Amino acid sequence: MEEDFSNETEFDEVETYLSRQITFYIFLLIDIPSILCSLLLFYNFLHFHNQFHQHPSNRMLISLLIVSFLINIIDIPMIIAHCYDIFYIESMSAPGSFCIFWLLYDYILYSLYLWLMALSCFERYLMIFYKHLITRNRLFHFLLYYITLLLTIIFPLIWYIYLILIYPCEQNSFDYTQMTCEASCYEIVGDTIIENIDWILANLLPIFLVILFILIIIIRVVYQKYKISRNLMQRRIWKRTRKMFLQLLPIGFLFLLFNIPVITVGMLGIYDPWFNTIPYYYANLFEYFLPLLMPFAILSKQKQIQKQFVKLLKLRRTIRIQPFGIETS
């Protein structure tokens, strides 16, 4: 997630001790349950391995879950540490190397997250309205779930390795008191062309595609519902469509909720640089709630785990009640 502020004075007005303390406690309180929720989902997918492979859409969910887990277990703790002590990086033996690692890790994973979400929405659209392409066409299935997924992973990896490690600019110093050490040198030198290309490819385009696919799905679902009211034979198709649409709904809602603000502020920043300071900082920080809450959104649609929880709660209730029901002579 990229942060670019015009000068240090403006940033000092944005990030205060109070804002860091609030961010510290909020992220800490959400991150731990989020990691535990991810581990529970991983266990579920491994335990019910056969059922998992029967539904190809689960591969996209597990991909989103893996990236969320990687962000929550390394990137978020680095932000938490920054909020607790903004000078902790300076005390390291190689702070510059740490900053480069943090930039690479943060930028690559979040861009990957956006593109995986776009691919997931596209895949869900096909599963709802063109399921035969995936289930009957092996070549299309291979291209979608292997080649396209592989390209989605490779693109942000190569793109940010080039921008952060290879791009012809000299990283003289970092600001160790800022998240991700302020920015990479390609953002500081003022090359507006590369900055705009980066923003469009890594942020704007995947978010636009997600919005587009979600809108198309909603329109087609509403239209299909209208057709069903006139044709009773299509009710079975509607039930399957409704189920798959509802599975996408919590994930899509979270994605739009936490990404539209930063895109809106970024576009406003083109006309007024003030939007690149206070509004952009908080909108950018707001984005981190997406990977933090994504495991819970995925869990909300995992009926198998919910059934196991219900059984466990009933069992614990039975164990607690049973001793009081034992009669003594």
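The values are calculated or read from the model by the stated rules, or taken from the named source; none is laboratory data. As the structure is a computational prediction, the values presented were derived from the model and not from experiment. We place every Cβ from the backbone using ideal geometry, glycine too, and count neighbours over all the protein chains shown. To get the accessible areas, we keep the full protein, side chains included, count just its heavy atoms, and leave off ligands, DNA and RNA. Shrake-Rupley method; radii C 1.70, N 1.55, O 1.52, S 1.80 Å.
How many residues are within 18 Å of the chain's Cα centre (by Cα) and either hydroxyl-bearing (Ser, Thr, Tyr) or open to solvent by 40 Å² or more (accessible area, probe 1.4 Å) (or both) when one looks only at region 290-304?
Here the count works out to 4.
Which of the residues that make up region 43-72 are closer than 23 Å to Leu150 by Cα, aromatic (Phe, Trp, Tyr) and modelled with pLDDT under 90?
Phe45, Phe52 - these are the residues of region 43-72 that are closer than 23 Å to Leu150 by Cα, aromatic (Phe, Trp, Tyr) and modelled with pLDDT under 90.
Tell me, please, whether a residue that is more than 21 Å from Leu285 (Cβ to Cβ) and in contact with an Asp or Glu (Cβ under 7 Å, 6 or more places away or on another chain) can be found in region 163-174.
yes
Name the pairs whose Cβ atoms lie under 8 Å apart, with the first residue in region 238-259 and closer than 10 Å to Lys301 by Cα, the second open to solvent by 20 Å² or more (accessible area, probe 1.4 Å) and at pLDDT below 80, and 6 or more positions between them or separate chains?
Going by the 8 Å Cβ cut-off, the qualifying pairs are Leu246/Lys301; Gln247/Lys301; Pro250/Lys301.
If we keep just the residues of region 199-236 that are open to solvent by 80 Å² or more (accessible area, probe 1.4 Å) and not in a helix (DSSP H, G or I), which is modelled with the lowest pLDDT?
Only one residue tops the list, namely Arg230.
For residues in region 237-288 being touching a Ser or Thr at 6+ places or on another chain (Cβ under 7 Å) and assigned to a helix (DSSP H, G or I), which is most open to solvent (accessible area, probe 1.4 Å)?
Ranking the qualifying residues of region 237-288, first place goes to Pro273.
Residues of region 19-35 being modelled with pLDDT under 95 and loosely packed, with under 13 Cβ neighbours inside 10 Å, which ones?
Gln21, Ile22
With crowded, with 18+ Cβ neighbours inside 10 Å and modelled with pLDDT under 90 as the only criterion, which of Glu10, Glu3 stands out?
None of the other options fit; the residue is Glu3.
For region 172-197, name all the residues that are closer than 26 Å to Ile86 by Cβ and assigned to a helix (DSSP H, G or I).
Met179, Thr180, Cys181, Cys185, Tyr186, Glu187, Ile188, Glu195
Please identify the pairs in which a residue from region 284-309 that is over 22 Å from Leu268 (Cα atoms) and touching a residue at least 40 places away in the same chain (Cβ under 8 Å) has its Cβ atom under 7 Å from the Cβ atom of a residue that is open to solvent by 10 Å² or more (accessible area, probe 1.4 Å) and of a type in the set (S, T, N, Q), counting only partners at least 6 apart or on another chain.
Lys301/Gln247; Gln302/Asn44; Gln304/Asn44; Ile305/Asn44
Which numbered condition trips up Phe69, out of (1) over 12 Å from the mean Cα position of the chain (by Cα); (2) over 27 Å from Asp175 (Cβ atoms)?
Every listed condition holds for Phe69 apart from (1).
Of all residues in region 172-198, how many are among the polar types (S, T, N, Q), buried (at least 17 other Cβ atoms within 10 Å of the Cβ) and over 20 Å from the mean Cα position of the chain (by Cα)?
Counting residues in region 172-198 that are among the polar types (S, T, N, Q), buried (at least 17 other Cβ atoms within 10 Å of the Cβ) and over 20 Å from the mean Cα position of the chain (by Cα) gives 3.
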